[in-house]
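The values are calculated or read from the model by the stated rules, or taken from the named source; none is laboratory data. A quick note: this is a predicted structure, and the numbers were derived from the prediction, not measured. Cβ placement follows ideal geometry from the backbone for every residue including glycine, while neighbour counts extend to all protein chains displayed.
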Amino acid sequence: MAKKQLRVGMIGYGFMGRAHSNAYKQVGQFFPSNHQVVLKAACARDAEKIKAFAEQWGYESTETEWKKLVERPDIDVIDICTPNNMHKEIALAATANKKAILCEKPLAMNAAEGREMVAAVEKAGVPNMVWYNYRRIPAVTLAKKLVDEGRLGKIFHYRAKFLQDWTIKADLPQGGQGLWRLDVAAAGSGVSGDLLAHCIDTSIWLNGRLDSVCAMTETFVKERMHNLTGKVEKVGIDDACTFMCRYANGSLGNFESTRYARGHKALYTFEINGENMSLFWDLHDLHRLQVFDYKDEGKIRGWKSVHVTDNSPDHPYMDKWWVPGLAIGYDASFTHQVADFIQGLETGKPQGPTFKDALETQCVLDAILDSAKGGKWVTVAKS
Ligand code: SOE
């Protein structure tokens with residue numbers, strides 16, 4: 001039977017443009033379905049750069065104006081890999097043209113924008129998803145399975161951190177390609193929207209709704225040269241953010257994120273402590289889920305390090321890869337996301353995180369920034 005084409009129009013060509021393109025190329029090989037992904041067009045303002053990107057990754061054509069791309073009848077899905085300040089406008093235009101949308105995280109600059117985006121995709125009925133990829137690391141997906149099976153019992157604590165060190169240099173400029181993450185006008189926020197957003201998404205998925213938050217933020221380097229204006233300008237993003245929270249299920253949360261933790265490049269870890277079981281995961285050892293099961297026999301009770309590589313349905317996604325015991329990497333989380341998105345199209349059961357799911361994270365981010373500004377506890381708005 002001829003496969004249905006899923007023709008991708010990619011906007012942006014940075015780190016995420018590469019990660020997503022790689023996933024589109026891999027998915028058909030490892031996760032066969034009734035769809036065939038076609039890299040139809042790549043789009044960015046710089047004609048030469050986007051041409052080079054398209055040639056490297058195998059896109060059939062290029063555009064330099066995203067408005068043209070979203071109108072093209074030969075595109076089924078728009079992948080938004082631009083800085084955050086473009087997400088809303090592109091998503092609304094793509095929706096108006098009845099395209100499915102895969103949007104890079106965070107969904108938007110803030111919850112108000114996110115709400116508009118959710119309303120638009122829901123009204124138009126277009127498939128939508130946000131690239132919170134860490135949900136689909138097999139060890140993290142296994143954690144979700146254990147939580148859903150009720151094995152942890154009542155959950156008391158959730159703690160997570162995401163640490164980096166790449167912005168310590170005070171003479172690193174802000175703005176423009178690669179450095180837009182330091183420019184509040186393009187990013188909306190700093191580590192909260194960039195890194196904590198991942199931790200919050202995973203935590204909502206595993207532990208449910210956050211009710212209230214109390215946060216502090218700091219901007220260690222107050223001024224940086226702006227690549228777009230050529231002037232030294234105030235830095236408007238949070239360089240570090242720590243917050244505590246209360247979850248709707250009664251548990252307590254503790255989160256930390258910074259780009260000033262010398263020696264750490266991408267240390268994302270989380271731990272959940274339940275009445276009967278605790279779980280711990282570390283991105284630097286991404287195949288392992290650490291499990292402590294209080295129900296184990298006392299004599300041999302202790303932390304187990306489960307290498308999530310078994311080629312069976314017990315270990316999510318792994319039956320599609322190599323033989324048992326062999327590892328896959330960070331890139332596979334994106335491949336899994338595309339596979340699940342396609343499964344959602346084929347079954348009519350959309351896979352998360354949808355725009356609506358990602359709006360919940362956006363509401364938490366707004367509450368965090370509010371709390372840090374006012375030095376007080378803030379109730380998280382309902383999405
Ligand atoms: C920032 O350095 C960054 O690339 C984030 O933007 C990604 O979302 C995260 O997964 C890794 O770090």
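Annotations for the structure displayed:
- Failed criterion for Trp377 (all others in (1) over 30 Å from Leu6 (Cβ atoms); (2) crowded, with 17+ Cβ neighbours inside 10 Å; (3) not small (Gly, Ala, Ser) hold): (2)
- All positions within segment 225-255 that are surrounded by fewer than 19 Cβ atoms within 10 Å (Cβ to Cβ), part of a loop (DSSP other than H, G, I, E, B) and within 23 Å of the chain's Cα centre (by Cα): Gly236, Ala248
- Residue check for Phe162: hydrophobic (A, V, I, L, M, F, W, C), in contact with a helix residue (DSSP H, G or I) (Cβ under 6 Å, 6 or more places away or on another chain) and not assigned by TED's automatic domain parsing to the domain that holds Val70: yes
- Looking across segment 165-188, the residues that are within 12 Å of the ligand (Cβ to nearest atom) and touching a helix residue (DSSP H, G or I) at 6+ places or on another chain (Cβ under 6 Å) come down to Trp180, Arg181, Ala187.
- Among the residues of segment 302-325, those identified as in a loop (DSSP other than H, G, I, E, B), in contact with a helix residue (DSSP H, G or I) (Cβ under 9 Å, 6 or more places away or on another chain) and of a type outside the set (Gly, Ala, Ser) are Val308, Thr309, Asp310, Asn311, Pro313, Asp314, His315, Pro316, Tyr317, Trp321, Pro324.
- Test: residue in segment 118-139 that is outside the structural domain of Lys349 (by TED's automatic domain parsing), among the polar types (S, T, N, Q) and more than 12 Å from the ligand (Cβ to nearest atom): yes
- Among the residues of this structure, Ala197 counts as one that is of a type in the set (Gly, Ala, Ser), within 16 Å of the ligand (Cβ to nearest atom) and crowded, with 17+ Cβ neighbours inside 10 Å.
- Positions within segment 1-41 being more than 16 Å from the ligand (Cβ to nearest atom) and assigned to a loop (DSSP other than H, G, I, E, B), in sequence order: Met1, Ala2, Lys3, Phe31, Pro32, Ser33, Asn34
- Given (1) under 17 Å from Phe31 (Cα atoms); (2) not in a helix (DSSP H, G or I), index of the condition Leu345 fails: (2)
Residue-by-condition table, conditions (1) among the basic types (Lys, Arg); (2) buried (at least 19 other Cβ atoms within 10 Å of the Cβ); (3) at pLDDT below 95; (4) at positive phi:
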residue: Ala91; (1), (2), (3), (4): no, yes, no, no
residue: Glu122; (1), (2), (3), (4): no, no, no, no
residue: His157; (1), (2), (3), (4): no, no, no, no
residue: Gln164; (1), (2), (3), (4): no, yes, no, no
residue: Arg181; (1), (2), (3), (4): yes, yes, no, no
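- Sole residue being among the polar types (S, T, N, Q), free of Cβ contacts under 8 Å to residues at least 24 places away in the same chain and either in contact with a strand residue (DSSP E or B) (Cβ under 9 Å, 6 or more places away or on another chain) or under 18 Å from Gly150 (Cα atoms) (or both), chosen from Gln290, Gln337, Gln351: Gln290
- Residue in segment 177-189 that is in contact with a Phe, Trp or Tyr (Cβ under 6 Å, 6 or more places away or on another chain) and either outside any helix (DSSP H, G or I) or in the same structural domain as Met86 (by TED's automatic domain parsing) (or both) present: no
- Residue within segment 144-163 that is away from the ligand (no atom under 16 Å from the Cβ), assigned to a helix (DSSP H, G or I), under 17 Å from the mean Cα position of the chain (by Cα) and under 19 Å from Leu286 (Cβ atoms) present: yes
- Looking across segment 80-95, the residues that are under 17 Å from the mean Cα position of the chain (by Cα) and closer than 19 Å to Arg181 by Cα come down to Ile80, Cys81, Thr82, Pro83, Asn84, Asn85, Met86, His87, Lys88.
- Hits in segment 110-143 - residues which are out of contact with any Lys or Arg (no Cβ under 7 Å at 6 or more places or on another chain), farther than 23 Å from Glu71 by Cα and in a loop (DSSP other than H, G, I, E, B): Asn110, Ile137
- Of all the criteria given as (1) surrounded by 15 or more Cβ atoms within 10 Å (Cβ to Cβ); (2) touching a residue at least 40 places away in the same chain (Cβ under 8 Å), the one not satisfied by Cys43 is (2).
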